[in-house]
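The values are calculated or read from the model by the stated rules, or taken from the named source; none is laboratory data. Please read all numbers here as calculations on a predicted model, not as lab measurements. When we count neighbours, we look across all protein chains shown, and the Cβ atoms used for this are built from the backbone with ideal geometry, even at glycine. All accessible areas refer to the heavy atoms of the entire protein, side chains included, with ligands and DNA or RNA removed. Shrake-Rupley method; radii C 1.70, N 1.55, O 1.52, S 1.80 Å.
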Amino acid sequence: MLSIITVCYNSEKKIKRTFDSVINQRFKPKEYIVIDGGSTDGTVEIIKEYELLFKNKGVEFKWISEKDNGIYDAMNKGVCFVTQPWIQFLNSDDYYLNDYVLENIKECLSKSNVQIVYGRILWENESRQKVVFDVPVNKLKINYLFGCPVYQPATFYSSLLFEKYKFDTSYFISADYKMFVQMIKDNVKFEFIPRFITLFDEGGISSVEKYNLSVQENIRLLKECDVYSGFVRLSKYTKIYKLFHIFLELYSKL
């Protein structure tokens, strides 16, 4: 039913946590795909170590290690290996919150007539954790004016979507945001489930890059998707932007 894709590069410090969170699931994915960007640390040795562990659990394990053109190029590569009807991207900085995440989601995926199922995430940095506010399906269009309305680590995609959509590799941070905007505009069917799926580690790629790059990419993608980008431009003005986000969060809960 489910293929999980993990992309990584020089991830020896954290990837075991990701692998363990998958292999310990009570309901396991049919296949697990790891796309490594040609790591020069101990990541590949860890991948080889876990390959047998996953196979012993009945999970088909596929992996490659080669240079790529960034995280979104690696994610596109991963999709090419998928044979299952549902896909999730669980990158090497992220992990499932408990051993029952996939057990609790499998019935929804098996019965769903939508193309995207998304849930909740926890956001973490070195000092604290934070619950990211929910965005219901009927508020996705207003929320994408301010930022990515759906969080990739808590999203399950119908694999059929990738016959039409690909991650735009000209983006360094925001290609998933662009894809979600395109899907929402194309009336792809989304379903929100009020369950926590993953913990997103702020140490990932979208957090360590300069804030201004994120703003620039977000403005660019909205223009390319023919969406008014005035709200994203406000992100340069931190206090005003935070007020808008508070309003948006309250509005989304109505």
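Asp94 satisfies every condition listed in (1) modelled with pLDDT of 95 or more; (2) in contact with an Asp or Glu (Cβ under 9 Å, 6 or more places away or on another chain) except (1).
Can you pull out the residues in region 27-52 that are under 23 Å from Asn104 (Cα atoms) and either open to solvent by 40 Å² or more (accessible area, probe 1.4 Å) or of a type in the set (Asp, Glu) (or both)? Hits for region 27-52 are Phe27, Lys28, Lys30, Glu31. Within region 161-187, the set of residues being β-branched (Val, Ile, Thr) and open to solvent by 20 Å² or more (accessible area, probe 1.4 Å) comprises just one member, Thr169. Restricted to region 55-73, and to residues there that are touching a strand residue (DSSP E or B) at 6+ places or on another chain (Cβ under 8 Å) and part of a loop (DSSP other than H, G, I, E, B), the residue that is surrounded by the fewest Cβ atoms within 10 Å (Cβ to Cβ) is Glu66.
The number of residues in region 139-160 being out of contact with any Pro (no Cβ under 8 Å at 6 or more places or on another chain), buried (at least 17 other Cβ atoms within 10 Å of the Cβ), of a type in the set (A, V, I, L, M, F, W, C) and part of a helix (DSSP H, G or I) comes to 1. Applying a threshold of 8 Å to beta carbon distances and a minimum spacing of six or more residues, or different chains, the list of pairs starting in region 46-60 at a residue that is farther than 16 Å from Ser3 by Cα and among the acidic types (Asp, Glu) and ending at one that is open to solvent by less than 60 Å² (accessible area, probe 1.4 Å) and modelled with pLDDT of 95 or more is empty. Of all residues in region 44-54, none satisfies being in a loop (DSSP other than H, G, I, E, B), over 25 Å from Met179 (Cα atoms) and not polar (S, T, N, Q). For region 189-212, the set of residues classified as at pLDDT below 85 and open to solvent by 50 Å² or more (accessible area, probe 1.4 Å) consists of Glu202, Ile205, Ser206, Val208, Glu209, Lys210, Tyr211, Asn212, listed by residue number.
Residue pairs whose Cβ atoms lie under 8 Å apart, sitting 6 or more positions apart in sequence or on different chains, and linking a residue in region 73-99 that is touching a residue at least 24 places away in the same chain (Cβ under 8 Å) to a partner that is among the small types (Gly, Ala, Ser) and surrounded by fewer than 16 Cβ atoms within 10 Å (Cβ to Cβ), are Asp93/Gly203.
Any residue in region 13-26 that is open to solvent by 60 Å² or more (accessible area, probe 1.4 Å), without any contact (Cβ under 8 Å) to a residue 12 or more places away in the chain, basic (Lys, Arg) and in a loop (DSSP other than H, G, I, E, B)? Among the residues of region 13-26, at least one is open to solvent by 60 Å² or more (accessible area, probe 1.4 Å), without any contact (Cβ under 8 Å) to a residue 12 or more places away in the chain, basic (Lys, Arg) and in a loop (DSSP other than H, G, I, E, B), which makes the answer yes. Taking Ser110, is it hydroxyl-bearing (Ser, Thr, Tyr) and open to solvent by less than 70 Å² (accessible area, probe 1.4 Å)? For Ser110, the condition - hydroxyl-bearing (Ser, Thr, Tyr) and open to solvent by less than 70 Å² (accessible area, probe 1.4 Å) - is not met.
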